[in-house]
1. Could you sort I127, I56 by accessible area so the largest value comes first, with the probe set to 1.4 Å?
2. Select from the chain the helices, each a whole stretch of DSSP H, whose alpha-carbon atoms run 18 Å or more along the helix axis and whose Kyte-Doolittle mean is at least 0.0; answer none if there are none.
3. Give me the one-decimal Kirkwood hydrodynamic radius in Å for region 27-89, with the sum taken over alpha-carbon pairs.
4. Going down the table (K49/K75; K49/K71; K62/K96), which pairs top 19 Å between alpha carbons?
5. Per residue, how much accessible area does the chain have with a 1.4 Å probe, in Å²?
6. Can you give me the Cα centroid spacing of region 104-169 and region 38-58 in angstrom?
7. Could you compute the net charge surrounding E97? Neighbours are other residues with a C-beta less than 14 Å from the C-beta of E97; K and R count +1, D and E count -1.
8. Given Cα pairs under 8 Å that are at least 6 residues apart, what percent is the relative contact order of the chain?
Amino acid sequence: MYDTYDEEHENIGRLNKTQQKREIAELHDLAKSLSKLDPVALEKMDLPKELLQALIAVQGMKHTAEKRQFKFIVKLLRQIETESFHETIAELDAKKEEQDKNFHRTERWRDRLIAEGQGAMTEFMDIYPQADASQIRQLVRNINKEIAQNKPHKSSRVLFRLLRDVICQ
């Protein structure tokens, strides 16, 4: 990619410095994204062994060593095709975004069921008819008792798990 000659020694175009810097910055961003993944996910990605070891090693480093390690990782990434890594990162980000949406949706429903009572319960059951209404009502009553008695919100966590299971089916 950076060579100025091909096999027949004909002059081919060379990337200018700005394009090279842009490419290196993109690879650096990819390296940062890859380094945030857990080692199990990295092993599933079919990375070269040296790159895998470098990405795992960078996760426990301090700033100066981390900076040096990222330069090494970018050097390794420049030697291989990285398109599949971009796609994998995009898929993982989309999956994480969906999980976050479901988590927040579940939190909002839990809070509404506690605060609004029967009106929110009717609306929830219209949207999710497979839910166990009696169990949800009982948990909401328990939560209100716990709040009134200043006890830990154990039932709130149970209700959250129940709603999560219903919403994420």
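The values are calculated or read from the model by the stated rules, or taken from the named source; none is laboratory data. Note that the structure is predicted; figures quoted are calculated from it, not measured. In this analysis, Cβ positions are derived from the backbone assuming ideal geometry, glycine residues included, and neighbour counts consider all displayed protein chains. Surface areas here come from the heavy atoms of the whole protein model, side chains and all, with no ligands, DNA or RNA. Shrake-Rupley method; radii C 1.70, N 1.55, O 1.52, S 1.80 Å.
1. Output order, biggest surface exposure first: I127, I56.
2. Taking the DSSP H segments of the chain (at least 18 Å long, mean hydropathy at least 0.0), we get 154-167.
3. Hydrodynamic radius (Kirkwood, Cα only) of region 27-89 equals 11.5 Å.
4. Check vs 19 Å cut-off fails for K62/K96.
5. Averaged over the residues of the chain, the accessible area is 70 Å².
6. Centre-to-centre (Cα) distance: 41 Å.
7. 0
8. Averaging sequence separation for qualifying contacts and normalising by length gives 16 percent for the chain.
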